[in-house]
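Everything on this sheet refers to the single structure shown next.
The values are calculated or read from the model by the stated rules, or taken from the named source; none is laboratory data. It should be emphasised that the depicted structure is a prediction, and the values quoted were computed from it without experimental measurement. All Cβ positions, even for glycine, are placed from backbone atoms using ideal geometry, and neighbour counts span all protein chains on display.
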Number of protein chains: 2
Amino acid sequence: MKESIEHKALRERGLRITQPRIVVYRALADVKAPLTAQEIVHSARLVDQATVYRTLELFVEAGIARKVNLQSGLVRYELNSDDHHHLTCTRCERVEDFRGCHVEKISSHALAHSRFFSTITSHSLELFGLCNSCSRT
Amino acid sequence: MKESIEHKALRERGLRITQPRIVVYRALADVKAPLTAQEIVHSARLVDQATVYRTLELFVEAGIARKVNLQSGLVRYELNSDDHHHLTCTRCERVEDFRGCHVEKISSHALAHSRFFSTITSHSLELFGLCNSCSRT
DNA sequence: CCCTATTTGCGAATTATTCGCAAATAGGGT
DNA sequence: ACCCTATTTGCGAATAATTCGCAAATAGGG
Ligand SMILES: [Zn+2]
Ligand SMILES: [Zn+2]
Ligand SMILES: [Zn+2]
Ligand SMILES: [Zn+2]
C-alpha cells in the first residue's frame, strides 16, 4: 500500500509523523488559497492552537510550507509546492496562482547596484488587482 | 517661509494637519527602513497607540504611506515615495532599497494566462538574501 | 514491548490591534 | 481673533493573535 503524501513529506525531512502534523498538512493541501494560522485552528478543532502555530513554524523551517503575505497583513501559509505566486483581488480577496516568474533580471540588476548584498536566496512577489466579477460592479 | 513636507503631504490630500499625524509622518521619514506600528508607538510616546494605528491606516488610504511585508510577518509601513523595493537580510534584518523594478513583463504574462483577472493595479516584490557582513561569518 | 526524546494539550501570559465615547482641537466663517 | 462644529484624539477596556511553561501523551528505535 502506498505511503500518503503527507507521510512522505514528513519522513523525507526526518520529522516525526504525528496526528497534528498530518491534520495541518491536509488543511493546507485541501485548500487552494494560502491560510492563516487562525483559519487552520478553526477548521481543525481537534488540534490545539499552540500546536498549529508550532507546526506551521516547523513546516516553514523544514521547507514543507512557506509564508505568504497578501495585502491584509496577516501571515498566510501554503505548501511549498513550487515556484508560483499570486494574483489577489483587493476587493474580494480572491486568489489565483500564476507561474512564469522570471525575476532574475530584476534581482541581478538589484545585486549589481547593491552596496551590502552579494547573494539573493529567495523572493516574494504578489500582484494585486480587481478580479473580473469585482471590476464589473 | 516654506511649508514643511509633512504639512504639504497632508494638505494636498485634504487631510487635517494634526500633531499626531505630523509625529507619525516624521517617524516614518526619519528612518530608512519600514517601521511597524508598534515601533512607531514606542518611539513616539506622545501619541496614543490607537491613534498611531488609525493614522497609519489613513496614510495608506490616502496614498501617503504603504504597507510592506518583510519575511517576519509583521506589517511595516513606509512613505510612499516612489517605486522602490527592498533587499532584506534574512539573518540580521538589514534592509537596502533598490530601484529598477520592471515587473511589467511578468505581470502581463500573468494576466495573459489568468482566468479571473484582467487588471493589475499594484504589486509587491521583496528580495531576500544574506548581507555581506552576515555571509562572512 | 519498553524506553526516552519529542511533541502535544492546557491554561495562562504576552503582544498586537480595535472599539466606544467623552474631551480636545483644526479650520472655515464672521 | 473668536465661534462653532465636524473631526480627531486619548483613554480604558475589549478583542484577537501569538507565545510560554510544564506535565502528560506518544512516536519510533532497540
Ligand atoms: Zn474580486
Ligand atoms: Zn518568483
Ligand atoms: Zn545581515
Ligand atoms: Zn516594483
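Can you name every residue in the range B:96-137 that is touching a helix residue (DSSP H, G or I) at 6+ places or on another chain (Cβ under 7 Å) and among the aromatic types (Phe, Trp, Tyr)?
Once the filter is applied, which keeps residues that are touching a helix residue (DSSP H, G or I) at 6+ places or on another chain (Cβ under 7 Å) and among the aromatic types (Phe, Trp, Tyr), the range B:96-137 yields B:Phe98, B:Phe116, B:Phe117.
When residues of the range B:71-82 are filtered for being more than 10 Å from chain A (Cβ to nearest Cβ), of a type outside the set (Ser, Thr, Tyr) and in a loop (DSSP other than H, G, I, E, B), how many remain?
Counting residues in the range B:71-82 that are more than 10 Å from chain A (Cβ to nearest Cβ), of a type outside the set (Ser, Thr, Tyr) and in a loop (DSSP other than H, G, I, E, B) gives 2.
Regarding A:Thr119, is this residue closer than 17 Å to B:Lys67 by Cα and among the β-branched types (Val, Ile, Thr)? Break it down into steps so the answer makes sense when it comes.
Values: closer than 17 Å to B:Lys67 by Cα: no; among the β-branched types (Val, Ile, Thr): yes.
No; evaluated as a whole, the condition is false for this residue.
What number of residues within the range A:94-137 are among the aromatic types (Phe, Trp, Tyr), closer than 22 Å to B:Leu87 by Cα and out of contact with any Gly (no Cβ under 7 Å at 6 or more places or on another chain)?
Filtering the range A:94-137 for residues among the aromatic types (Phe, Trp, Tyr) gives A:98, A:116-117, A:128.
Next cut, closer than 22 Å to B:Leu87 by Cα only: A:116-117, A:128.
Still in the running and out of contact with any Gly (no Cβ under 7 Å at 6 or more places or on another chain): A:116, A:128.
Looking only at that region, the number is 2.
Would you confirm whether any residue within the range B:83-90 is within 24 Å of B:Arg11 (Cα to Cα) and more than 10 Å from chain A (Cβ to nearest Cβ)? Before the answer, list the steps.
Looking only at the range B:83-90, we keep the residues that are within 24 Å of B:Arg11 (Cα to Cα), and these are B:83.
If we keep only those that are more than 10 Å from chain A (Cβ to nearest Cβ) as well, we get B:83.
Checked against the condition, which is being within 24 Å of B:Arg11 (Cα to Cα) and more than 10 Å from chain A (Cβ to nearest Cβ), the range B:83-90 yields at least one hit.
Name every residue in the range B:96-137 that is assigned to a helix (DSSP H, G or I) and among the charged types (D, E, K, R), in order of residue number.
Quick first cut of the range B:96-137, residues assigned to a helix (DSSP H, G or I) only: B:104-113, B:132-136.
Within the range B:96-137, B:Glu104, B:Lys105, B:Arg136 meet the criteria.
Can you spot a residue in the range A:74-91 that is surrounded by 16 or more Cβ atoms within 10 Å (Cβ to Cβ) and of a type in the set (Gly, Ala, Ser)?
no
Would the range A:62-79 turn up any residue that is in contact with a Pro (Cβ under 7 Å, 6 or more places away or on another chain), more than 15 Å from ligand 2 (Cβ to nearest atom) and more than 29 Å from A:Thr137 (Cβ to Cβ)?
yes
I want to confirm something. Restricting to the range B:92-103 and keeping residues that are over 14 Å from A:His109 (Cβ atoms) and surrounded by fewer than 17 Cβ atoms within 10 Å (Cβ to Cβ), which single residue is nearest to DNA strand C (Cβ to nearest atom)? Spell out how you get there, then give the answer.
Applying the first criterion (over 14 Å from A:His109 (Cβ atoms)) to the range B:92-103 yields B:92-95.
Narrowing further to those that are surrounded by fewer than 17 Cβ atoms within 10 Å (Cβ to Cβ): B:92-93.
Numbers: B:Cys92: 19, B:Glu93: 14 Å.
By that ranking, first place goes to B:Glu93.
Residue check: is B:Phe128 surrounded by fewer than 16 Cβ atoms within 10 Å (Cβ to Cβ) and facing another protein chain (nearest Cβ under 9 Å)?
Values: surrounded by fewer than 16 Cβ atoms within 10 Å (Cβ to Cβ): no; facing another protein chain (nearest Cβ under 9 Å): yes.
Spelling it out, it is not the case that B:Phe128 is surrounded by fewer than 16 Cβ atoms within 10 Å (Cβ to Cβ) and facing another protein chain (nearest Cβ under 9 Å).
Which one of the conditions (1) buried (at least 16 other Cβ atoms within 10 Å of the Cβ); (2) farther than 22 Å from A:Gln38 by Cβ; (3) small (Gly, Ala, Ser); (4) in contact (Cβ under 8 Å) with a residue 24 or more places away in the chain does A:Gly63 fail to meet, given that it meets all the rest?
The number of the failed condition is (1).
Would the range B:41-53 turn up any residue that is assigned to a helix (DSSP H, G or I), touching a residue at least 24 places away in the same chain (Cβ under 8 Å) and not assigned by TED's automatic domain parsing to the domain that holds B:Leu127? Can you show your working first?
Going through the range B:41-53, the residues assigned to a helix (DSSP H, G or I) turn out to be B:41-43, B:49-53.
Now narrow it down to the ones that are touching a residue at least 24 places away in the same chain (Cβ under 8 Å): B:51-52.
Checking the rest, the ones that are also not assigned by TED's automatic domain parsing to the domain that holds B:Leu127 come to B:51-52.
Yes, some residue in the range B:41-53 is assigned to a helix (DSSP H, G or I), touching a residue at least 24 places away in the same chain (Cβ under 8 Å) and not assigned by TED's automatic domain parsing to the domain that holds B:Leu127.
Which one of A:Val24, A:Val60, A:Val47, A:Val31 is touching a Ser or Thr at 6+ places or on another chain (Cβ under 7 Å) and hydrophobic (A, V, I, L, M, F, W, C)? Steps first, please.
Details: A:Val60 fails: touching a Ser or Thr at 6+ places or on another chain (Cβ under 7 Å); A:Val47 fails: touching a Ser or Thr at 6+ places or on another chain (Cβ under 7 Å); A:Val31 fails: touching a Ser or Thr at 6+ places or on another chain (Cβ under 7 Å).
Among A:Val24, A:Val60, A:Val47, A:Val31, only A:Val24 is touching a Ser or Thr at 6+ places or on another chain (Cβ under 7 Å) and hydrophobic (A, V, I, L, M, F, W, C).
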